[in-house]
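Colleague: One structure, as structure tokens, below. Some questions next.
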Amino acid sequence: MSKPVKGAPQGRRRYPQRKKGNNRRAFRQHHLKPDADRQLKSVFSKIGVPRQRPFTPDRFQTQAVEVMRESDCLVTAPTGAGKTWIAEQVIRRVFEQGGRCWYASPLKALTNAKLIEFTEIFGTGNVGILTGDRKELTDAPIIVGTTEILRNQLYDAMHHGVSLNTDLVVLDEAHFLGDEERGVVWEETMIYLPSRIPLLMLSATVGNAGAIANWLTAIRGRLCRVVAETRRPVPLYPMVLNPEGTLLPLLAKEGSGKRKLHKKVYRLIGGKTPPELGRRRGLPPFGDILRVLKAFDLLPAIFFLKSRSDCDAALALCHGAVALTEEKKAGIVGRISQLTDNSPHLSRHRQRIHLEQAGVAAHHSGHLPGWKLVVENLMTEGLLTAVFATSTVAAGVNFPARTVVFFNSDRFNGIEFMPLDATQLHQMTGRAGRRGMDRIGFALAVPGRYMDLHLVARLLASKPDKVVSRIRINFSMVLNLLLSHTPAQVEELLKRSFATWLLMTDAEESRQKSRMADVHEILWEDFLRHLDFLKATGFVDADDRLTEDGIWASQLRVDQPLLVAECLRQGLLPDTDAAQMAGVFACFVNEKETDDRLEGRLVPNRLKKVVSRIQKKLTGFARHMKSRGFEVRQLYLRPAAMTHAWASGYPWETVAGEYGMAEGNLAMLMMRTADNLRHTANLINVFPEAATAAREAIDLIMKPPVVEEMEEE
């Protein structure tokens with residue numbers, strides 16, 4: 001392999017600049033000629049819809065349902081294997097016995113989908129929802145909600161000395177335990193959940209399911225068993241696209257021990273200059289690729305691309321590639337009209353023409369949640385030819401295709417490009433093959449400067465990565481634990497962490513028990529560091545009990561609770577102006593460094609004065625936090641200005657355009673701001689004016705198209 005070029009992003013493979021005339025084949029601009037290696041003939045003969053049979057649960061499904069009669073259960077299975085059926089059966093058993101159930105998922109979109117699904121199964125009135133922006137039928141016997149809400153309910157139950165009012169907890173996407181940002185919420189939930197409440201965890205395949213189960217058995221005093229299914233519901237066949245348009249098997253035939261590249265693929269990438277499809281404006285010829293896929297009945301497809309802009313730009317390259325029948329066009333037009341009937345903004349979305357004329361769509365975080373839901377509905381209903389998506393689609397959104405196509409063997413982690421790991425690749429390829437609709441699914445790797453086919457071959461044969469603990473101490477956790485625990489009791493809780501258990505297990509295996517006896521020490525020391533600061537700032541007294549300020553501050557389960565609490569203590573919030581209140585909270589929510597150079601007309605002087613006053617008044621408190629080693633995010637004016645403009649009634653298109661923010665990002669800022677405002681709105685008995693303004697601010701920003709009433713029927 002060539003050495004990385006100086007200046008290339010670390011972890012991302014770059015090849016030397018090609019010389020003019022070198023490897024002409026890689027740069028030809030004519031249409032690809034659809035062709036396939038002879039070995040694929042027998043593989044393609046398997047394409048088709050499986051014969052419809054009465055549903056019969058798989059062995060792992062019935063086994064998990066039985067396990068839940070007497071113990072906790074961690075189910076690990078590939079995407080689409082049927083994990084939700086297990087949850088339905090276990091919930092039904094509890095429901096029919098008059099019990100209550102809590103179903104937690106990581107995403108609001110998934111939670112909303114489960115509300116619809118479970119309501120159809122268990123009946124209207126029996127299923128409620130709890131997310132940051134939806135609270136409906138909260139006394140229903142079956143509750144679906146986000147894991148953060150469940151964790152917060154556990155905080156409240158411990159505070160009031162009661163047990164969570166449920167008889168079953170289901171944690172969907174339980175592998176989020178290892179998520180770098182949100183894994184702490186999953187771990188806290190597992191630690192705090194009373195052992196009397198059975199726990200069912202549904203997860204993608206993970207490399208250390210046994211360790212997770214053993215940890216839970218140890219801390220809950222209740223046996224946790226693993227039920228694992230490794231077989232994909234639809235077999236996967238990996239292929240490579242030759243730049244001429246020929247499909248090749250990625251791997252040599254089995255039987256040679258290690259999974260090796262097919263000899264033709266090995267020759268293809270073995271030259272001095274790696275092959276690469278001809279490019280137009282830096283993008284592969286997506287229309288040509290669609291024609292190749294169409295020729296061999298490999299559609300619909302999901303294309304995984306590296307950036308949101310590439311996803312959007314790809315659509316224009318697809319027109320004319322795969323002709324839509326008039327019937328399908330009419331179906332798409334009618335379904336979009338139905339789905340967007342209540343939303344004028346979505347009905348005139350700029351990408352609607354691509355759906356209606358070419359049957360293709362982009363799906364990424366830059367789009368509004370409502371538009372992404374339109375795309376998801378069309379794809380799951382079989383109306384689209386292709387979706388161009390970033391890797392976020394690989395986790396959490398359920399619309400598989402016959403084929404997934406990917407161009408990179410690396411992924412941007414927010415800082416740099418790093419090689420894919422086995423879990424990430426399995427998530428992407430998990431979308432290939434639709435259960436009940438496909439007998440076989442395909443993963444197509446396209447050679448290029450950022451594609452390492454040797455790595456892809458290894459990862460396809462690799463086990464998923466192990467889940468690691470992401471627990472960390474933060475001020476919200478400390479305040480909430482001190483509501484119901486002494487520091488000594490908190491220390492015992494920290495000893496129950498997955499991180500501590502893993503280290504203790506390693507110590508036992510390495511026979512260093514005495515050396516590792518206090519492996520929770522790092523967590524404990526960090527807890528004490530937070531506790532000392534809370535004492536120094538008046539939220540905790542000398543006897544380690546919350547002061548009055550500490551009690552109400554514990555309810556601020558927000559991004560920067562102490563800064564918001566200090567604003568409340570000093571009376572800095574604009575509690576007579578709800579639009580300004582929304583703008584100020586957007587400052588606290590914003591996580592990214594922001595360009596604050598704005599035209600004067602885009603920043604009202606009154607808002608600028610409010611933000612400047614808060615920045616000035618918080619300087620001493622922020623300096624104190626930094627001196628103790630705590631991170632303090634800078635408060636930027638731009639998010640405040642755009643949120644204030646939206647809250648003040650400016651048109652959505654104007655706000656997004658004037659302040660230069662993608663619609664999806666802007667909607668996410670509004671939703672996170674509203675989540676933070678809700679916690680202040682709950683302090684009505686302590687800060688009535690601020691709470692009232694916060695409630696009014698939520699109403700000003702949570703309006704279409706940030707939230708939409710989508711037509712589902």
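Throughout, read-outs are computed from the coordinates displayed, never taken from laboratory work. What you see is a predicted model, and the numbers here were worked out from it, not measured in a lab. Note: ideal-geometry Cβ built from the backbone for every residue, glycine included; neighbour counts use all protein chains shown.
Colleague: Once you list every other residue whose beta carbon is under 12 Å from the beta carbon of MET158, what net charge do they have if Lys and Arg are +1 and Asp and Glu are -1? Write out the running numbers ahead of the final one.
Modeller: Values: positive: ARG151; negative: ASP156, GLU188.
Surrounding charge for MET158 is -1.
Colleague: On to the next question. Given points 7 Å out from each Cα along the Cα-Cβ axis, report the LYS616 to GLU653 separation in nanometres with one decimal.
Modeller: With each label point 7 Å from Cα toward Cβ, the separation is 4.0 nm.
Colleague: Can you pull a Stokes-Einstein diffusion coefficient for the range 165-207 at 37 °C (0.692 mPa s), Rh from Kirkwood over Cα pairs, as a whole number of µm²/s?
Modeller: For the chosen part, D equals 299 µm²/s.
Colleague: Turning to a different aspect of this structure: First measure r as the distance between the Cβ atoms of GLN570 and ASP543, then evaluate 1/(1 + (r/R0)^6) with R0 = 25 Å and state the FRET efficiency to the nearest 0.05. Before the final figure, lay out each step's value.
Modeller: Numbers: r = 26 Å, r/R0 = 1.03.
Given R0 = 25 Å and the Cβ-Cβ separation, E is 0.45.
Colleague: In degrees from 0 to 90, rounded to the nearest 10, what is the angle of the helix 83-96 Cα long axis to the longest principal axis of the chain?
Modeller: Rounded to the nearest ten degrees, it is 40.
Colleague: With N denoting the number of residues in the range 129-219, provide Rg(C-alpha) divided by 2.2 N^0.38 Å, to two decimal places. Walk me through the numbers before you get to the answer.
Modeller: Details: Rg = 13.4 Å, N = 91, 2.2 N^0.38 = 12.2 Å.
Expressed relative to 2.2 N^0.38 Å, the Cα Rg reads 1.10.
Colleague: Taking the simple approach of a point 7 Å from Cα along Cα-to-Cβ for both PHE412 and GLN97, what is their distance in nm?
Modeller: Between PHE412 and GLN97, the simple spin-label model gives 5.0 nm.
Colleague: Quick one: helix 521-536 against the long Cα principal axis of the chain, what's the angle to the nearest 10°, folded into 0 to 90?
Modeller: Compared with the principal axis, the helix lies near 50 degrees.
Colleague: Quick check: residue separation of GLN39 and LYS626 times 0.36 nm, minus the Cα distance between them. What number comes out in nm? The partial results should precede the final answer.
Modeller: Values: separation 587, 0.36 × 587 = 211.32 nm, distance 6.33 nm.
Here the answer is 205.0 nm.
Colleague: Can I ask one more? Order these peptides, 93-102, 207-216, 567-576, by their mean beta-carbon neighbour count within 10 angstrom, highest first.
Modeller: Values: 93-102: 16.2, 207-216: 20.1, 567-576: 17.9.
So the order, starting with the most tightly packed, is 207-216, 567-576, 93-102.
Colleague: If each residue of separation counts as 0.36 nm, what is the full-extension length gain between VAL333 and ARG601 once their alpha-carbon separation is subtracted?
Modeller: Working: separation 268, 0.36 × 268 = 96.48 nm, distance 4.02 nm.
92.5 nm is the gain from fully extending VAL333 to ARG601.
Colleague: Tell me, what is the percent relative contact order of the chain, built from C-alpha pairs under 8 Å that lie six or more residues apart?
Modeller: Details: 1192 pairs, mean separation 101.9, N = 713.
Relative contact order here is 14 percent.
Colleague: On to the next question. Rounded to the nearest 500 deg cm²/dmol, what is the calculated helix-only ellipticity per residue at 222 nm for the chain, with -39500 (n - 2.57) per DSSP H run of length n ≥ 4? Could you put the intermediate results ahead of the total?
Modeller: Numbers: 29 runs with 303 residues, N = 713.
Rounded to the nearest 500, the figure is -12500 deg cm²/dmol.
Colleague: When only alpha-carbon atoms are used, what values of Rg and Dmax, in angstrom, describe the range 234-460?
Modeller: Every Cα atom of the range 234-460 included, Rg and Dmax give 17.5, 59 Å.
Colleague: Compute from the Cα atoms of the range 242-339 the Rg and the Dmax, the latter being the longest Cα-Cα distance, and quote both in angstrom.
Modeller: Rg then Dmax for the range 242-339, in Å: 17.7, 54.
Colleague: Moving on to the next point. Measure out, as a whole number of angstrom, how far apart the alpha-carbon centroids of the range 56-74 and the range 93-168 sit.
Modeller: Spelled out, the Cα-based centre of one part sits 21 Å from the other.
Colleague: If the convex hull of the alpha-carbon atoms of the range 58-129 is projected onto planes in all directions, what is the mean projected area in square nanometres?
Modeller: Numbers: hull surface 21.0 nm².
Computing the convex hull of the Cα atoms and averaging its projections yields 5.3 nm².
Colleague: Moving on to the next point. Would you report the distance distribution of C-alpha pairs in the range 531-674 as whole percents per 5 angstrom bin, up to the bin with the largest distance?
Modeller: Taking all Cα pairs of the range 531-674, the binned fractions are 2, 9, 18, 22, 18, 13, 9, 5, 3, 1, 0 percent.
Colleague: Also: Can you tally the net charge around GLN63? Count Lys and Arg as +1, Asp and Glu as -1, for every other residue whose Cβ sits under 10 Å from the Cβ of GLN63. Don't skip to the end; give the middle numbers.
Modeller: Details: positive: ARG59, ARG225; negative: ASP58, GLU66, GLU229.
Net charge in that neighbourhood comes out at -1.
Colleague: What is the angle, in °, between the Cα long axis of helix 688-701 and the longest principal axis of the Cα atoms in the chain? Nearest 10 is fine, range 0 to 90.
Modeller: 20 degrees
Colleague: Something else: Suppose R0 equals 25 Å; then what is the FRET efficiency for LYS272 and GLU593 from their Cβ-Cβ distance, rounded to the nearest 0.05? It would help to have the intermediate numbers written out before the result.
Modeller: On the way: r = 41 Å, r/R0 = 1.65.
Computed FRET efficiency for LYS272 and GLU593: 0.05.
Colleague: Which length gain, in nm to one decimal place, applies between ASP179 and ASN682 when the Cα-Cα distance is subtracted from 0.36 nm times their residue separation? Before the final figure, lay out each step's value.
Modeller: Details: separation 503, 0.36 × 503 = 181.08 nm, distance 2.89 nm.
Full-extension gain reported as 178.2 nm.
Colleague: Can you tell me, using C-alpha contacts under 8 Å and at least 6 residues apart, the relative contact order of the range 622-697 as a whole percent? Let's see the in-between values first.
Modeller: Values: 35 pairs, mean separation 13.1, N = 76.
Once normalised by length, the contact order is 17 percent.
Colleague: Considering Cα pairs under 8 angstrom that are at least six residues apart, work out the relative contact order of the range 59-228 and quote it in whole percent. All intermediate terms of the calculation are to be shown ahead of the outcome.
Modeller: Working: 285 pairs, mean separation 54.1, N = 170.
It rounds to 32 percent for the range 59-228.
Colleague: For ARG529 and THR486, what does the FRET efficiency come to when R0 = 25 Å and r is the distance between their Cβ atoms, rounded to the nearest 0.05? Mind showing how you got there, number by number?
Modeller: On the way: r = 17 Å, r/R0 = 0.70.
In this case the efficiency is close to 0.90.
Colleague: Quick one: which residues, 5+ away or cross-chain, put their amide H under 5 Å from the amide H of LEU483? H built at 1.01 Å from N.
Modeller: For LEU483, whose amide H was placed from the backbone, there are no distant partners under 5 Å.
Colleague: Can you give the three extents of the C-alpha atoms in the range 59-228 along their principal axes, from longest to shortest, in whole Å?
Modeller: 37, 37, 31
Colleague: Give the Rg/Rh ratio for the chain, taking Rg as the radius of gyration of the Cα atoms and Rh as the Kirkwood radius, to two decimals.
Modeller: Values: Rg = 27.0 Å, Rh = 27.8 Å.
Using only Cα positions, Rg/Rh for the chain is 0.97.
Colleague: Give, as a single signed number, the net charge of other residues whose beta carbon lies under 9 Å from the beta carbon of GLY128, with Lys and Arg counted +1 and Asp and Glu -1. Walk me through the intermediate numbers first.
Modeller: On the way: positive: LYS135; negative: GLU136, ASP139.
Local charge sum for GLY128: -1.
Colleague: Using Cα centres only, tell me the gap between the range 532-559 and the range 318-378 in whole Å.
Modeller: Here the two parts' Cα centres lie 50 Å apart.
Colleague: Within the range 176-218, list the residues whose amide N lies under 18 Å from a label point set 7 Å along Cα→Cβ of GLU117.
Modeller: The answer is 176, 200-205, whose backbone nitrogens lie closer than 18 Å to the label point.
Colleague: Sticking with this one: Skipping prolines and chain starts, which residues have an amide H placed within reach, meaning under 5 Å, of the one on VAL226, given they are 5 or more residues away or on another chain?
Modeller: When sequence neighbours closer than 5 places are left aside, the close amide H contacts are LEU74.
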